[in-house]
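Here is the structure we will look at.
Laboratory data are not the source of any read-out in this text; all were calculated from the coordinates shown. Please read all numbers here as calculations on a predicted model, not as lab measurements. Methodologically, a virtual Cβ is constructed for each residue, glycine included, from the backbone with ideal geometry; neighbour enumeration extends over all protein chains shown.
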Amino acid sequence: MAETDNSEQDAGGSKKGGMMPTIIAAVVVTLIAAGAGAGLGSVLGSSAPPAEPAQPAEPEPHAEADAKAPAKSDIAKAEDEPTPLQLVELKPVLTNIYSPTDSWLRIEASLVVKQDGSVNAEILAAEIEADTLAFLRSVQLAQVEGSRGLLHLRDDLRERAKLRSPAVVDYLIRTMVAE
């Protein structure tokens, strides 16, 4: 046993290797980490390659004419056509609305229709009255509050009327009462 103790010690009485391998390992790991950090920093920190200069878009041929002319409403566009327009009054629609459940909404409206002879105005009015009733039953009172709400309601009802018949030019809300 005495031999093993002597073999582990040097002539100077110190252990073989000592702290030197630990210091070398720490230096090597530190150099590797510093190199990796510098490499990653240069990759992430480098600026992107310069972009190619953008070429101006070619204007559309109709865009200039549209930009010069003021935007026309559906009625103004329909007045330019040779077919005459007809104002069809709808019967007042009174219904309870979706929310709050104890609220009622009454709308009196009219349709502006092209008189091209393809559509019977009375039948179209009855169909659009039914569409208006069905739509209003799904409306919440908060959706029709204020001027924006009224405009959105009118746009929605006009869109539904135009889906019913292409002869419909506009949907005009004459009165609306919420209770």
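Each Cα pair under 8 Å and six or more residues apart adds its separation to the average, and for the range 72-178 the resulting relative contact order is 35 percent. Note on residue 27 and residue 164: their simple-model spin labels are 9.2 nm apart, each label 7 Å out from Cα toward Cβ. Using a Förster distance of 30 Å, how high is the FRET efficiency between residue 138 and residue 86, based on the Cβ-Cβ distance and rounded to 0.05? That pair, residue 138 with residue 86, gives E of 0.55. Taking label points 7 Å from Cα along the Cα-to-Cβ direction, residue 155 and residue 19 give a separation of 7.8 nm. Per-residue packing, averaged as other Cβ atoms within 10 Å, sorts the ranges 154-163, 133-142 into the order 154-163, 133-142, beginning with the highest.
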